[in-house]
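Values in this text are rule-based calculations from the coordinates and carry no lab data. Because the structure is a prediction, the values reported are computed rather than measured. Neighbour counts run over all protein chains shown; Cβ positions are idealised from the backbone, glycine included.
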4 protein chains.
Amino acid sequence: MRDIGEHRPQDPRYRERVRDEFSRQKAMAYIGASLAIVEPGFVEIHLPYRDDLTQQHEVVHGGVVSMIVDSACGFAALSLFPADASVLTTEYKINLLAPAREGKVIARAWVVKSGRTLTICSGQAYIASGAGEQLIAVALETVMQLRGRPEPPQQPAA
Amino acid sequence: MRDIGEHRPQDPRYRERVRDEFSRQKAMAYIGASLAIVEPGFVEIHLPYRDDLTQQHEVVHGGVVSMIVDSACGFAALSLFPADASVLTTEYKINLLAPAREGKVIARAWVVKSGRTLTICSGQAYIASGAGEQLIAVALETVMQLRGRPEPPQQPAA
Amino acid sequence: MRDIGEHRPQDPRYRERVRDEFSRQKAMAYIGASLAIVEPGFVEIHLPYRDDLTQQHEVVHGGVVSMIVDSACGFAALSLFPADASVLTTEYKINLLAPAREGKVIARAWVVKSGRTLTICSGQAYIASGAGEQLIAVALETVMQLRGRPEPPQQPAA
Amino acid sequence: MRDIGEHRPQDPRYRERVRDEFSRQKAMAYIGASLAIVEPGFVEIHLPYRDDLTQQHEVVHGGVVSMIVDSACGFAALSLFPADASVLTTEYKINLLAPAREGKVIARAWVVKSGRTLTICSGQAYIASGAGEQLIAVALETVMQLRGRPEPPQQPAA
């Protein structure tokens, strides 16, 4: 399902741009998520299991899984946008298939269709532990391209 | 849309049970969410704006909004379950309508249909600030009832 | 949930326009659906139970229920569009709650948020029989506004 | 994405059973859909373009595309059920990506996860014409397994 190579980025600096954007999502830092892979139309985000992200059954909260799947979809879309466009999630649907009890949650997203206004992405989440990877969620997301509104440059640390 | 009174709880201690469950969702505490209202088939969760929950445009991350809408739906369903049943989100869909830039995010959820196995909930999120409330998200969620698996009692703090 | 009066149509001929559009949806005629109500941001479609629209359990096929809910959402959105804009469904999600075994299926849709590009609609379906109305489906739909592409005028019958 | 071979049918007569069920869906016959392929956890349905299934822009109504994607998902799930279980769609989400203006609509669905109660399916629709196949829709669907309720045998024609 990861059709890397099919998509051609319009912005040759797409990878740097996605990394900049990701680093400015404070919510990703707050939950401990990191950007692992950026390819044209594909993004992978990692999130180590953390006790403070769990729900009452001691598994990672489904909303946290959704957060990284949503972010992965948005950045997969952004990787194909022109340099002067920014990204906005308009909606998504997610099916939670299995709990994440330990290990690392991996969210993967790739662009299914890239249009001028809307981009449709498919997302998946896995739990990776000693036993290998297990699929824990599948999602479909619609992302909007906002033209002429480049993402703001990252603030200098000082 | 908040049809309170329509639903009859099977467990007279439904309110205490929902509050217990909520207090055991560490992810809710981690993001600073609190349980504001519990009625039969209805739950409201509050989340004050926090800088560390934002995405790159300095608005609350859509995934965070989803987290509290998802939790509100799950607890609205749980409020109608028998005492020996626990709750599991199977899927949801959310449309993000407007950004949450300041103030308090309010998630409201109510049960649309309560079945033996599946409960369907409708969720909404608002941003409440000096200017009143603005609708920022709408959702539909499917919740599963797991019978004979009461939620584990809260661990004593010592 | 039917907030009629909240929305102001941009095209004073919105009702006639929706009716024209509906009459050109051959699929609606083919399944026997009719347009019952058009208000600003609200549409109701009726579909009498028909044996040839059923699935294997002798209830109306869920896809048929979806068809009229989808159409109702699209037309509810169209009722608020300017005169030179046409409508396109981009996505929807539907929960099927109960079967439609006899009587009349009623689809109702209203605009939740009307934006320049995207309009979000909430849809419901009921089965109406001697016993009153029963909710059988709930939906959320995203509709796109295509500017500068007025719907083509209806072809004269000869 | 079509992981045929991964799934093992519990009912050795799964193929015959799916074909029986399909033939009893009058709605499928009414729109002219046919069952093309049945594999364990995978189903393909074909629908030739028909003028009477169109919406106002002379493309196949999105609800009709949804109907065959929904049916394909349900039957893909059914192919893995035990012999005494029947199938019920509980919800789905579909993104419509491109119009179907001519040729044949092909719906494909495969099981993503098969549980005791719920089965999650992924669906796609393509338009096949002289120019090859083009993806026109993607979907996620939740199907419920009803135990101890075998699908009723097909009525003899006389």
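One table, with the values for the structure above:
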{"item": "The stretch D:14-146 shape via C-alpha gyration tensor axes, a/c threshold 1.5", "result": "prolate"}
{"item": "Rough spin-label spacing in nm, given labels placed 7 Å along Cα→Cβ, for residue A:23 and residue D:84", "result": "6.2"}
{"item": "Helix C:14-23 axis, angle to chain C major axis (alpha carbon atoms, nearest 10°)", "result": "50"}
{"item": "Net length gained if the chain between residue A:147 and residue A:13 were fully extended (0.36 nm per residue, minus Cα distance)", "result": "46.5 nm"}
{"item": "Eligible aspartates and glutamates near residue D:113 by straight Cα distance, threshold 19 Å, same-chain separation 8 or greater", "result": "A:133, B:91, B:141, D:3, D:6, D:11, D:39, D:44, D:70, D:91, D:141"}
{"item": "Shape category assigned to the stretch D:3-48 from the gyration tensor of Cα positions, a/c cut at 1.5", "result": "oblate"}
{"item": "Shielding by partners - mean other protein chain Cβ count within 10 Å, residues of C:80-91", "result": "4"}
{"item": "Anisotropy class of the protein assembly as shown from Cα gyration tensor, a/c 1.5 cut", "result": "rounded"}
{"item": "Candidate aspartates and glutamates - alpha carbon under 12 Å from residue D:26, same-chain residues fewer than 8 apart omitted", "result": "C:51, C:52, C:58"}
{"item": "Part-to-part distance (alpha-carbon centres) for the stretch C:1-74 and the stretch C:128-146, which is given in Å", "result": "9"}
{"item": "Electrostatic dipole magnitude of the protein assembly as shown [Cβ: Lys, Arg +1; Asp, Glu -1; Cα centre; debye, to 20]", "result": "0"}
{"item": "Spin-label proximity, residue D:116 to the stretch D:80-106 - amide N less than 19 Å from point 7 Å beyond Cα toward beta carbon", "result": "D:80-88"}
{"item": "Relative contact order %, chain C, counting alpha carbon pairs below 8 Å whose residues are six or more apart", "result": "24"}
{"item": "For B:58-70, mean number of other protein chain Cβ atoms within 10 Å", "result": "6"}
{"item": "Average beta-carbon neighbours from other chains, 10 Å sphere, peptide A:22-28", "result": "6"}
